[in-house]
Amino acid sequence: MIRLAKYDDLDRIMEIYQEARNYMEANGNPDQWGKNHPPRQLLEEDIRKGELYVYTENDEALTEDLKMAQIHGVFAFIIGPDPIYTYIEDGAWLNDEVYGTIHRIAGDGVAKGVFEKCLDFCKSQIANLRIDTHHNNLTMQHLVEKNGFEKCGIVYMEDGSPRIAYQYLAG
């Protein structure tokens, strides 16, 4: 299930991002999120704006009356222009229509298919999606390309660091 994140979810969300940073560092990508990205303050702002989502599953090992949803993934999803995507080099966007952007997607490594489930949710909201990733994030590059995203060029983060930009068009 995908739902909007709540402030009460923040401790678990921070754990998931730490697990993702550990995974990235162990797999040759220590620079994309460094030691503390995304910061809690940014996530609090995402929650306030209604742009941070979590992926949950029920823990089947619990009894029915104690069953609760465990958070296994998190992502920001914003429909509308993203300033980072205003300038693109070494390519071009597939179109200039209204789009949704997926940012800061991470899973805990326990639940399988988190990226696909989050993507299905985003596709159900809008048929035009954009995402970007670090050139060392081979896992994310594989996932986005496997799921129909087309490489469009290079965009730059607020700090000037480059990212590979992708776009998905339904149909």
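Being modelled with pLDDT under 95 and small (Gly, Ala, Ser) is not true of Gly148. Restricted to region 106-147, and to residues there that are among the β-branched types (Val, Ile, Thr) and without any contact (Cβ under 8 Å) to a residue 60 or more places away in the chain, the residue that is surrounded by the most Cβ atoms within 10 Å (Cβ to Cβ) is Val144. Under 16 Å from the mean Cα position of the chain (by Cα) and of a type in the set (Phe, Trp, Tyr): is that true of Tyr156 in this structure? Spelling it out, it is not the case that Tyr156 is under 16 Å from the mean Cα position of the chain (by Cα) and of a type in the set (Phe, Trp, Tyr).
Looking at region 23-38 only, could you name the residues that are surrounded by 12 or more Cβ atoms within 10 Å (Cβ to Cβ), part of a helix (DSSP H, G or I) and more than 16 Å from the chain's Cα centre (by Cα)? Once the filter is applied, which keeps residues that are surrounded by 12 or more Cβ atoms within 10 Å (Cβ to Cβ), part of a helix (DSSP H, G or I) and more than 16 Å from the chain's Cα centre (by Cα), region 23-38 yields only Glu25. Report, by residue number, each residue of region 7-61 that is in contact with a Pro (Cβ under 8 Å, 6 or more places away or on another chain) and at pLDDT below 85. If the condition is that a residue be in contact with a Pro (Cβ under 8 Å, 6 or more places away or on another chain) and at pLDDT below 85, then Met24 is the only one that fits.
Look at region 21-48: where a residue is aliphatic (A, V, I, L, M) and a partner is surrounded by 14 or more Cβ atoms within 10 Å (Cβ to Cβ) and not in a loop (DSSP other than H, G, I, E, B), sitting 6+ places away or on another chain with Cβ atoms under 7 Å, you get Leu43/Leu10; Leu43/Ile13; Leu43/Leu52.
Give region 82-101 a look and list any residue that's within 18 Å of Leu42 (Cα to Cα) and surrounded by fewer than 12 Cβ atoms within 10 Å (Cβ to Cβ), or say none. Hit for region 82-101 is Pro83, nothing else. Here the condition is being more than 14 Å from Thr56 (Cα to Cα) and not acidic (Asp, Glu); of Lys35, Lys6, it holds for Lys35 alone. Given the structure, is Leu138 modelled with pLDDT under 95 and within 16 Å of the chain's Cα centre (by Cα)? So Leu138 passes the test. Would you check if there is a residue in region 91-102 being within 27 Å of Ile154 (Cβ to Cβ), of a type in the set (S, T, N, Q), modelled with pLDDT of 85 or more and not in a loop (DSSP other than H, G, I, E, B)? Scanning region 91-102, I find at least one residue that is within 27 Å of Ile154 (Cβ to Cβ), of a type in the set (S, T, N, Q), modelled with pLDDT of 85 or more and not in a loop (DSSP other than H, G, I, E, B), so the answer is yes.
The values are calculated or read from the model by the stated rules, or taken from the named source; none is laboratory data. Remember, it's a predicted structure, so these values are computed and weren't measured experimentally. Every residue, glycine among them, receives a Cβ derived from its backbone with ideal geometry; neighbour counts consider all protein chains shown.
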